[in-house]
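Here the structure comes first, spelled out in structure tokens, and everything after it is commentary.
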Amino acid sequence: MTARDFAIRYGFLLLLLGMVGLFGWLQPGFLTVPSAVFILQSVAITGILALGVTCTLVVGGFDLSIGAVATSALMLAAYVMVVWEMGALAAVGLCLLMGAGVGLVNGLLIVKMRVPDLLATLGMMFVLIGLQRIPTEGNSIATGMALPGGGVAQGTFSPAFLALGRYRLWDVVPLSVVFLLLVAVLVWVFLELTRHGRLMYAIGSNAQAAALAGTNVGAYRIGAYVISGTLAALGGILLAARLGRGDVASGNNLLLDSVAAALIGFAVLGASRPNAFGTAVGALFVGILLQGLTMLNAPYYTQDFVKGAVLVVALVFTFALTGRGARARA
Amino acid sequence: MITRRTLGRVAAALLASAALPALAQDRPAPFDNPGEVEIALVRYLSTGDFFQAYLAGVQRQADALGVSLRVFDSRQDAAVQADMVDQAIALGVDGIIIQHGLTESMREAAQRALDAGIPVVAFDVDVENEQIPQIEQSDRDLARLVLEQAVEDNGEEWVAAYVYVPGIAPLDRRNEVWVEFKERYPGIQEVAQFGTLDNPIANSVANQARAVLSANPNVQVVFAPYNEFARGVKIAVDEAGMSDRVSIYSADISTADIGAMREPGSAWKATAATNPAVVGEVSVRALAMLMAGEDPGRQVIVPPSLITQAQLNEENISSMEELSARIPAFAHADVAAPDWMPLPSAPQD
């Protein structure tokens with residue numbers, strides 16, 4: 001293995017380790033168990049969204065609507081519990097259904113209507129940002145709010161639902177972190193170890209060849225958007241459980257952060273392609289960076305700057321250093 | 001927001017305007033014949049609880065006067081907002097309220113309205129024009145009220161963390177007060193400053209606040225002068241299990257915030273707020289005075305009220321409506337209210 005290969009394979013992981021060491025040295029509180037748990041919890045939501053978008057990247061697509069799906073799920077969960085006064089199970093079920101439904105519509109638009117993926121999901125993003133505000137006329141949802149139809153919302157967030165975002169196993173590990181790890185493992189197994197996952201990679205690298213080999217390309221592409229939508233809804237559920245209210249938000253920052261995580265993931269272990277492990281590491285990378293910088297009192301704009309710089313470096317790792325890919329394409 | 005109560009109020013206002021032509025005639029022109037008066041509200045910001053409540057207040061006062069209201073919503077597009085002022089001029093409205101916006105884009109547009117003989121008032125945007133009254137919620141008073149409460153609760157010596165994003169006018173004004181306070185009470189030691197407007201803001205601020213709290217476990221007071229910030233800090237404090245050691249002081253309030261402040265053992269101790277609906281009412285009243293040829297003054301300031309956790313618990317308040325009903329200072333501001341001005345009926349029957 002040459003030095004160059006080594007840099008490509010392990011460079012990013014070393015960078016991550018170096019960063020952890022640096023923050024630990026500068027800020028004694030950084031290398032502690034609570035701090036590690038904090039970081040995992042802060043990346044749980046974007047991480048889950050990023051894993052969803054990874055699935056669409058694998059089939060050569062893209063899902064711009066995930067941030068809006070997540071905030072729509074946030075509003076829907078709040079609406080179901082506070083206005084309709086239903087339980088946690090109904091809230092979770094309806095949100096996941098909504099996410100899968102949006103994913104299905106995205107997939108049908110892209111595969112059946114032949115709308116380019118960026119445009120279809122962009123349209124869906126706007127639809128959702130508007131739609132989530134219509135039932136409450138633009139207001140946030142909380143117990144005691146006045147309803148447009150008259151009366152006052154009496155329901156509350158069920159404790160079982162809030163536990164999704166707040167309960168801690170053994171008083172240490174928040175449930176949302178467990179969900180992140182679970183989703184990461186499931187997506188990794190699905191993409192790397194099953195026939196379906198391999199076919200999805202095949203579609204991503206050459207859809208025509210995959211189709212000629214007998215793959216139902218359309219179904220797999222639609223499936224990827226359904227996965228993405230469902231995972232985004234799961235992220236929204238966790239967000240709602242953490243906030244304990246239905247906040248009006250566009251979710252654009254969620255979208256950007258999760259896309260950044262997925263793209264950084266290209267560089268991990270020199271994969272040069274979307275992959276679940278890389279995405280998880282990418283999300284962690286961004287989380288550690290922001291947590292450390294905040295502990296050092298760095299203002300928010302420097303954090304955006306650093307986040308962007310990391311993304312650029314990761315993309316350089318992916319596209320420039322992995323010479324094989326570049327030569328193969330040339 | 002249309003509740004049964006507001007519907008009732010609207011109905012009452014309609015009845016009143018139909019039944020009391022004699023009263024209306026006592027008002028100065030053009031409000032002696034309000035059916036033919038139309039005012040325009042040109043908005044820059046409109047999404048969120050604050051702006052919804054503001055609009056409700058504008059509507060309420062317009063109804064009380066019996067004038068019709070036309071709402072233009074530019075959705076944070078400065079150029080569109082300027083065009084909308086021109087549109088309002090072309091439609092021949094009798095008065096214009098400019099709600100937020102950028103000085104650079106609104107200065108000329110507002111001047112064009114004045115040139116067309118249309119009175120203009122501006123809320124929270126400085127259009128640099130002597131003839132245009134500024135409606136303001138006093139951010140400085142807001143910050144001062146809540147910080148005085150923090151000193152009363154915690155003494156003059158504490159370790160503070162501060163949430164701030166520079167470049168946002170109301171936050172900048174609140175920041176000035178914080179800087180003065182730190183000078184006046186040298187015992188206040190600020191160990192961390194953070195803040196972000198990445199949305200969902202509460203979630204992003206919660207992530208930051210947790211990093212800050214674990215780096216500075218000795219923090220006693222978090223000054224978070226914007227309710228979205230305070231929500232995020234409260235999530236972080238709860239997650240870190242520090243509710244008994246940390247107190248949060250904020251500004252602004254909503255129904256959900258009242259719930260958060262009243263949770264058992266909540267770290268969110270006090271907030272100061274101006275009722276956005278009242279600001280909306282005052283905007284219309286100031287415009288009406290101007291249209292009637294009276295002078296509301298160059299600056300019309302709507303005073304804020306202090307709202308503490310203890311007060312909410314004592315009065316058993318759980319929503320903005322109840323807050324308005326039980327804390328009269330919050331429900332009504334005696335600003336821009338000459339004798340002839342019809343006021344919207346009190347929120348409680």
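Across peptide A:290-300, how many C-beta atoms of other chains are within 10 Å of each residue C-beta, on average?
Whole-number average of other-chain Cβ neighbours for A:290-300 is 6.
With all pairs of different alpha carbon atoms counted, what Kirkwood hydrodynamic radius in Å does the stretch B:38-78 show?
On the way: mean 1/r = 0.0940 Å⁻¹.
The Cα-based Kirkwood calculation yields 10.6 Å.
Can you figure out the FRET efficiency of A:ALA320 with B:ASP295, using R₀ = 51 Å and their beta-carbon distance, to the nearest 0.05?
For A:ALA320 and B:ASP295, the calculated efficiency is 0.15.
Compute the length gained on full extension between B:ASN218 and B:GLU180: take 0.36 nm times their separation in residues and subtract their Cα-Cα distance, giving the result in nm to one decimal.
Details: separation 38, 0.36 × 38 = 13.68 nm, distance 2.29 nm.
So the extension gain works out to 11.4 nm.
Give me the dipole magnitude in Debye, nearest 20, for the stretch B:139-273 about the Cα centre, with unit charges on the beta carbon: positive for Lys and Arg, negative for Asp and Glu.
160
Calculate the FRET efficiency for B:VAL71 and A:ASN252 from the Cβ-Cβ distance with a Förster distance of 45 Å, rounded to the nearest 0.05.
0.95
I want the local charge near A:VAL58. Using Cβ-Cβ distances under 11 Å, sum +1 for each Lys or Arg and -1 for each Asp or Glu among the other residues. Provide the component values of the computation, followed by the final result.
Numbers: positive: A:ARG198, A:ARG221, A:ARG273; negative: A:GLU192.
For residues surrounding A:VAL58, the net value is +2.
Using DSSP to call loops (not H, G, I, E or B), can you name the trypsin sites (Lys or Arg not before Pro) in the stretch A:102-146 whose Cβ has at most 11 other Cβ atoms within 10 angstrom?
A:LYS112, A:ARG114
Just add up the charged neighbours of A:ARG133: K/R +1, D/E -1, any other residue whose Cβ is under 14 Å from the Cβ of A:ARG133.
That sum, taken over residues with Cβ under 14 Å, equals -3.
Within the stretch B:131-150, list the residues whose amide N lies under 12 Å from a label point set 7 Å along Cα→Cβ of B:ALA310.
B:149-150
Can you give the direction-averaged projected area of the convex hull of the alpha-carbon atoms in the stretch B:139-273, in nm²?
About 7.1 nm², averaged over all directions.
Leaving out same-chain residues fewer than 8 places away, which lysines sit with a Cα under 16 Å from that of B:LYS269?
B:LYS234
For the stretch B:136-204, what does the alpha-carbon gyration tensor say about shape, rounded, prolate or oblate, given a ≥ b ≥ c as the root eigenvalues, a/c under 1.5 as rounded, and a/b over b/c as prolate?
Oblate.
Under the rule of -39500 (n - 2.57) per DSSP H run of 4 or more residues, summed and divided by the residues of the protein assembly as shown, what mean residue ellipticity at 222 nm is obtained, to the nearest 500 deg cm²/dmol? Walk me through the numbers on the way to the answer.
Working: 28 runs with 392 residues, N = 679.
Result for the protein assembly as shown: -18500 deg cm²/dmol, rounded to the nearest 500.
Give, as a single signed number, the net charge of other residues whose beta carbon lies under 14 Å from the beta carbon of B:GLY293, with Lys and Arg counted +1 and Asp and Glu -1.
-3
Can you tell me what the convex hull of the Cα atoms of the protein assembly as shown projects to on average, as an area in nm²?
32.7
Fewest Cβ neighbours within 10 Å first, please rank B:ARG60, B:ARG326 accordingly.
On the way: B:ARG60 23, B:ARG326 16.
Fewest to most other Cβ atoms nearby, the residues stand as B:ARG326, B:ARG60.
GNM on chain A, C-alpha springs below 10 Å: top fluctuator among A:GLY223, A:GLY107, A:GLY67?
So, out of A:GLY223, A:GLY107, A:GLY67, the one fluctuating most is A:GLY223.
Cα axis of helix B:4-19 to longest principal axis of chain B: angle in degrees, 0 to 90, nearest 10?
20
Name the helices (complete DSSP H segments) of chain A with a Cα length along the long axis of 27 Å or more and a Kyte-Doolittle mean of at least 0.5, or state none.
Those that pass (Cα extent of 27 Å or more, hydropathy at least 0.5) are A:3-26, A:33-58, A:88-111, A:217-243, A:276-295.
Taking the Cα-to-Cβ direction at B:ALA78 and at B:ARG112 and moving 7 Å from each Cα, how far apart do the two end points lie in nm?
Result: 1.6 nm between the two label points.
Between A:LEU186 and A:LEU108, what length comes free when the chain is fully extended (0.36 nm per residue of separation minus the Cα-Cα distance, one decimal in nm)?
Here the answer is 25.6 nm.
Report the longest stretch of chain A that contains none of the chymotrypsin sites (Phe, Trp or Tyr not before Pro) sitting in a DSSP loop with at most 15 other Cβ atoms within 10 Å. Present the calculation step by step, with values, prior to reporting the outcome.
On the way: sites that count: A:TRP84, A:TRP170.
The answer is A:171-330.
For the stretch A:1-78 and the stretch B:239-313, what is the centre-to-centre distance using only Cα atoms, to the nearest Å?
If you average the Cα positions of each part, the centres end up 38 Å apart.
From Cα coordinates alone, what are the radius of gyration and Dmax values for chain B in angstrom?
When restricted to the Cα atoms of chain B, Rg and Dmax are 21.4, 68 Å.
Would you kindly state how much longer the chain becomes between B:ARG326 and B:ASP244 on full extension, computed as 0.36 nm times their sequence separation minus their alpha carbon distance, in nm to one decimal?
My answer for the length gained is 26.7 nm.
So what's the angle, to the nearest 10 degrees on a 0 to 90 scale, between helix B:139-154 and the longest Cα principal axis of chain B?
For helix B:139-154, the angle is close to 30 degrees.
For labels at A:HIS196 and A:THR2 in the simple 7 Å Cα→Cβ model, what's the distance in nm?
In this crude label model, A:HIS196 to A:THR2 measures out at 4.1 nm.
For the stretch B:264-349, run through the GluC sites (Glu not before Pro) and keep only the ones in DSSP coil with at most 15 other Cβ atoms within 10 Å of their Cβ.
B:GLU294
In whole angstrom, how far apart do the alpha carbon centroids of the stretch B:127-191 and the stretch A:207-245 sit?
The two parts, judged by their Cα centres, are 46 Å apart.
Loop only per DSSP, at most 13 neighbouring Cβ atoms within 10 Å: give me the GluC sites (Glu not before Pro) in the stretch B:97-145, ordered by residue number.
Loop-located and lightly packed - B:GLU128, B:GLU130.
In the Gaussian network model of chain A, springs joining C-alpha atoms below 10 Å, which of A:GLY144, A:GLY61, A:GLY103 carries the largest mean-square fluctuation?
Top of the fluctuation ranking is A:GLY144.
Charges at C-beta only: +1 for Lys and Arg, -1 for Asp and Glu. How large is the resulting dipole of chain A about its Cα centre, in Debye rounded to 20? Intermediate values should be presented prior to the final figure.
Working: 17 positive and 10 negative charges, 171 e Å.
Here the size comes out at about 820 debye.
Can you tell me, using C-alpha contacts under 8 Å and at least 6 residues apart, the relative contact order of chain A as a whole percent?
33
Starting from the Cα gyration tensor of the stretch A:8-142, take the square roots of the eigenvalues, sort them a ≥ b ≥ c, and report rounded, prolate or oblate (rounded when a/c is under 1.5, otherwise prolate if a/b is larger than b/c, else oblate).
Since a/c reaches 1.5 but b/c is at least a/b, the shape of the stretch A:8-142 is classed as oblate.
If I take every Cα pair under 8 Å that is 6 or more residues apart in the stretch B:139-273, average their sequence separation and divide by the length, what percent do I get for the relative contact order? Before the final figure, lay out each step's value.
Values: 238 pairs, mean separation 35.0, N = 135.
Across the stretch B:139-273, relative contact order equals 26 percent.
If you average 1/r over every pair of different alpha-carbon atoms in the stretch B:196-349 and take one over that average, what Kirkwood value in Å do you get?
Mean inverse Cα-Cα distance, inverted, gives 17.1 Å.
Going toward the positive end of the dipole of the protein assembly as shown, with +1 on Lys and Arg Cβ and -1 on Asp and Glu Cβ, which of B:MET84, B:GLN131, B:PRO342 do you reach last?
Selected residue: B:MET84.
Sort A:THR143, A:THR71, A:THR32 so the one with the fewest other Cβ atoms within 10 Å of its own Cβ comes first.
Taking fewest neighbouring Cβ atoms as first place, the list is A:THR32, A:THR143, A:THR71.
So how strong a dipole does the protein assembly as shown carry about its Cα centre when Lys and Arg Cβ are +1 and Asp and Glu Cβ are -1, to the nearest 20 debye?
Value, rounded to 20: 3680 debye.
Find the relative contact order for chain B and round it to a whole percent, using C-alpha pairs within less than 8 Å whose residues are 6+ positions apart.
Relative contact order, chain B: 18 percent.
Evaluate the distance, in nm, between pseudo-label points positioned 7 Å from the Cα of B:GLU128 and of A:GLU85 along their respective Cα→Cβ axes.
5.6
Where a number appears in this text, it was derived from the coordinates with a stated rule and is not lab data. In this text the structure is predicted, and so the values were computed from the model without any measurement. Glycine gets a Cβ as well: all are built from the backbone with ideal geometry, and neighbour counts include every protein chain shown.
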